[in-house]
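One structure is given here, and the rest of the page talks about it.
The values are calculated or read from the model by the stated rules, or taken from the named source; none is laboratory data. Note that the structure is predicted; figures quoted are calculated from it, not measured. No Cβ is skipped: glycine too gets one built from the backbone with ideal geometry, and neighbour counts run over all protein chains shown. Please note that ligands, DNA and RNA were not included when accessible areas were found on the heavy atoms of the full protein model with its side chains. Shrake-Rupley method; radii C 1.70, N 1.55, O 1.52, S 1.80 Å.
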Amino acid sequence: MSLDYCIALCTATVVAATPLVFAGLGELVAERAGVLNLGVEGMMLSGALAAFVASVTGGGLLLGFLAGALAGLVMSLLFGLLTLRLGTNQVATGLALTLFGGGLSACLGRGYAGLPGKALPPLQLPLLSDLPVLGPLLFRYDAAVYGSLLLVAGVSWVLFRTRLGLVLRAVGESPQVADALGHPVTALRWGAVAFGGMLAGLGGAYLSTAVTPMWAEGISAGRGWIALALVVFAIWKPWRVLFGAWLFGGMTVLQLHAQALGIAVPGEFLSMLPYLATILVLVLICRNPRLLRLNQPAALGRVFQRER
Amino acid sequence: MALTLIACFAALQMPPLHALYAIFIQPLASAYGLGEWLLKATPLMLCGLGLSLGFRANVWNIGAEGQLTMGAIAGGGVALYIAPGLGPWGMPAMLLAGMAGGMLWAAIPALLRTRFHTSEILTSLMLVYVAQLLLAWLMVGRWQDPQGFNFPQSRAFDEALILPLLADGQRATVALYGALALAVAAWIFIRHSFAGYTMLVAGMAPAAARYAGFSESRSIWWGMLIGGATAGLAGIAEIAGPIGRLQPSISPGYGFAAIIVAFVGRLHPLGVVLAALLMSLLYLGGEAAQLELGLPAAVTGVFQGLLLFYLLAADHFAGLRLVRRPARAIA
């Protein structure tokens, strides 16, 4: 196997991983605040469609990403309205959001299926991009990849190095105590849910403008659910989301390149890989109950409403 | 909900009342239409009943779609290769194999949850994709009909293995009776069996269940296996009914819609039966919307999502009470 081919595999992995980084990171923040939003798949699909439509109908890619984030945000606000304002069950509401987002995006997007999309161009950094091996390996991605890396660093810093992050985590551990200390529990949860929605929308946008620049019904193919599993895999730590996403990105790429690598397994079985890997990884993490108990936000999925 | 729909149609520049009529009334105006209504309600009832028992115990099996697919694969395999040699026992063997296939697929998340504390939400959902890919592989490989002009489907099942119709001139089968009988059985299970009681306690008050010594893992196993069995039965009933053979797509998301059916039915067997009839109407409405109004099939998903949103929100408002504020004390 040539060096160029190895580099191509690595870069394809990073690109395939980026939607998962966005969506997983957003969900991580929401879960750190104690909100389990199972609607990631629906928010990603809305974001993917919005970004595709905005970029194809003349808006350009920047507007596309903004539209994607906005679509994810709107969907997450719907989730927030139900779970935070009305106190509905988070699991059921999230499922409804996934069904709703999938159906709505398929309905509104039917005129756009099969149209050629705009692909996000790679950056050309002076000097760095022209380095012999490191250039193609590290410095020729599109802006969104670098953006996702910055976001991981940013979220990590805010969560563990700032007062806001401390309070947010307290809300996820014990909303009652945080409330008693005078912190605005519901407002913080609204913020975390909205952030999660925006990032899921961005993940969808990246999917329909960079990974596969097109729109198709159900384009995310379970990536929203994999992002949810990724948060558990990452034991709620931002940097581990990044590594987990690369692992799953690698699975997707392996599946596409299996023939070239001489792996004689039917395509259907290769397509099962990401899903089976998700289950395997979940088992490996969850079999250690102490690890889980120490890191999982204690109030995850619990409704909090103030006593009057 | 009706108001939202009217607003949607108005936004799409369609006469709202005509659209509502085309979607929800017209499909039921003929005997064939009534049959379609019951036909689609049957798998929803079956899956919904099984899931509702699990949800009662806080067992979040959302992979009924995959268990349905595995039921179809297992039952279909028996129907293609074993049942023709069994004579009159062929049909029961096929149905049992369908249930076993669904139970096997549900047993995986149950095992992972009880042994490794892995969330059954994510594992059961991942297994949906695996089951569908497995079926797709079988349909282009091993089990493909050699005389099928290379279509990805199996050969048609023997006439003797096709479930009898409820009446001529429509497509609903006797599986409906099975679903209704199951609803009665589920009601008895909840009200009069010890296992049903422990599951109820486990769902409503986990701490009390632990204190009473009810085994948590047992209620997880019960919840998952019952859901898997009914979903598997729904799968085999679909392919041994209107479809008559195995093919890559056997269900328009019945397994997912059944989650909503279970909630809309308030996790009560009678409620689930009624909710399945309602959801089936939404499916018919989705099809009619495709034909009459040119909307895509996915409009059903929008209906379903909205229905669950409204239900959850309605729960909140139904729980509100007028409270008279006590007269404010003098500060």
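Using every pair of distinct Cα positions in chain A, the Kirkwood expression returns a hydrodynamic radius of 19.8 angstrom. Accessible surface computed residue by residue for region B:30-307, with neighbouring protein chains in place and a 1.4 Å probe, gives 39 Å² per residue.
For region A:123-134, backbone phi angles converted through the Karplus equation (6.51, -1.76, 1.60; θ = phi - 60°) give residue-by-residue couplings of 6, 10, 8, x, 6, 4, 5, 9, 4, x, 9, 5 Hz, Gly and Pro being listed as x. Here region A:49-190 is described by how far its Cα atoms reach on the three principal axes: 57, 42, 22 Å, from widest to narrowest.
Counting Lys +1, Arg +1, Asp -1, Glu -1, what net charge surrounds residue B:232 among other residues with beta carbon under 14 Å of its beta carbon? Net local charge, residue B:232 excluded: -2. Mean per-residue shielding of peptide A:270-283 is 5, counting Cβ atoms of other chains within 10 Å of each Cβ. Within the shell of other residues whose beta carbon sits under 13 angstrom from the beta carbon of residue A:94, the net charge comes to -3, with Lys and Arg scored +1 and Asp and Glu -1.
Distance from the C-alpha centroid of region B:34-59 to that of region B:162-240: 9 Å, rounded to the whole angstrom. Ellipsoid fit via the Cα gyration tensor, region B:26-85: semi-axes of 25, 23, 8 Å, each the root of five times an eigenvalue, largest first. Averaging the sequence gap over all C-alpha pairs within less than 8 Å and six or more residues apart, then dividing by the number of residues, gives chain A a relative contact order of 36 percent. Kirkwood hydrodynamic radius computed over region B:145-262 comes to 17.1 Å, based on all pairs of distinct alpha carbons. Please name which of A:125, A:108, A:157 has its Cα lying farthest along the dipole of chain A towards the positive end, using unit charges on Cβ (Lys, Arg +1; Asp, Glu -1) and the Cα centre as origin. The one lying farthest along the dipole's positive direction is A:157.
The residues of region A:74-108 listed by number as losing at least 20 Å² of accessible area in the complex, against the isolated chain and with a 1.4 Å probe, are A:82, A:86, A:88, A:89, A:91, A:92, A:95, A:96, A:99, A:100, A:103, A:107. Report the Stokes-Einstein translational diffusion coefficient (µm² s⁻¹, integer) for region B:205-244, Rh taken as the Kirkwood radius over Cα pairs, at 37 °C with viscosity 0.692 mPa s. Translational diffusion coefficient: 271 µm²/s.
Inter-chain Cβ neighbour count for A:31-44, averaged per residue, equals 1 (cutoff 10 Å, partner chain atoms only). Every helix of 4 or more DSSP H residues in chain B counts as -39500 (n - 2.57), and over all residues that averages to -22500 deg cm²/dmol at 222 nm.
On region B:143-300, 64 percent of the accessible area sits on carbon and sulfur atoms, based on a 1.4 Å probe. For the protein assembly as shown, the alpha carbon positions stretch 82, 76, 57 Å along the principal axes, listed from largest to smallest. Over region B:238-315, the Kirkwood radius and the radius of gyration, each from Cα atoms, give a ratio Rg/Rh of 1.01.
Accessible area buried by the pairing of B and A, both sides summed with a 1.4 Å probe, works out to roughly 3500 Å². Altogether, the Stokes-Einstein calculation at 25 °C and 0.890 mPa s, with the Kirkwood radius of region B:30-307 over Cα pairs as Rh, returns a diffusion coefficient of 130 µm²/s.
Shielding value for B:252-261 is 2, the average number of Cβ atoms from other chains within 10 Å of each residue's Cβ.
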